[in-house]
1. Please list, in order along the range 62-77, the HN-Hα scalar couplings obtained from phi with the Karplus expression 6.51 cos²θ - 1.76 cosθ + 1.60 (θ = phi - 60°), rounded to whole Hz, x for Gly and Pro.
2. Which whole-Hz couplings ³J(HN,Hα) result when phi for each residue of the range 97-109 is put into the Karplus expression 6.51 cos²θ - 1.76 cosθ + 1.60, θ = phi - 60°, listed in order with x for Gly and Pro?
3. Go through K42/K136; K32/K131; K42/K135; K23/K136; K23/K126; K43/K131 and tell me which ones have a Cα-Cα distance over 24 Å in this structure.
4. Once you have the Cα-Cα distance between Q120 and N105, take 0.36 nm times their residue separation minus that, and quote the gain in nm to one decimal.
5. Subtract the Cα-Cα distance of I26 and Q78 from 0.36 nm times their separation in residues, and report this length gain in nm to one decimal.
6. Only loop residues by DSSP count here, and only those with at most 10 other Cβ atoms within 10 Å; note down the chymotrypsin sites (Phe, Trp or Tyr not before Pro) in the range 76-132 that meet that.
7. Once you place label points 7 Å from the Cα toward the Cβ at I132 and W40, how far apart are they in nm?
8. How much length would be gained if the chain were fully extended between S59 and L91, taking 0.36 nm per residue of separation minus their Cα-Cα distance, in nm to one decimal?
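Where a number appears in this text, it was derived from the coordinates with a stated rule and is not lab data. What you see is a predicted model; the values in this text were computed from it and never measured. Heads up, the Cβs are rebuilt from the backbone with ideal geometry, glycines too, and the neighbour counts pull from every protein chain shown.
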Amino acid sequence: MTLRVKPANNKISTLNKKGGDDKIIISDIQLKTVIGVHDWEKKEPRDIIMTIELGVDISAAAKTDDINETVDYDELTQRLISFNKNKTFNLIETMAEESATLILNEFNVFNVQITLVKPQAMPFSKSVAVKIFRKKTNV
């Protein structure tokens with residue numbers, strides 16, 4: 001069975017149900033957003049570091065050397081930066097979930113794993129992080 005999805009570049013492509021073993025990894029995306037449950041955290045945007053792993057099938061892109069056959073990770077990264085810059089979150093869990101939903105809905109991927117790191121979230125630790133894995137439900 002195949003699923004037709006609309007990737008960000010508006011090209012319709014077909015995802016094979018077995019696909020998604022290939023990965024595109026974008027590490028340490030630097031984001032700024034208002035995030036936190038404490039009043040002092042809500043006063044100004046904070047640094048968040050995001051790493052994403054995209055479950056994709058890169059075989060067509062590898063054969064054709066054509067960006068339209070894969071995920072344009074610059075476009076995806078810019079979309080995430082813009083989306084999260086204009087949001088306010090209490091929890092990094094919510095930011096991770098909403099970012100995963102955006103990627104699954106707007107880009108030609110089977111699944112996504114997101115790791116979010118919130119530096120200096122607590123005075124006695126370097127950072128706090130969450131990692132989630134989500135997949136398209138209809139694949």
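1. With coefficients 6.51, -1.76 and 1.60, one gets 5, 6, 9, 6, 10, 4, 6, 9, 9, 8, 6, 6, 5, 4, 4, 5 Hz.
2. 4, 5, 5, 5, 4, 4, 4, 5, 7, 10, 10, 7, 10
3. Too far apart for the 24 Å limit: K42/K136; K42/K135; K23/K126; K43/K131.
4. In short, 2.3 nm is gained.
5. 17.5 nm
6. Answer by residue number: F124.
7. 2.8 nm
8. Gain on stretching S59 to L91: 7.8 nm.
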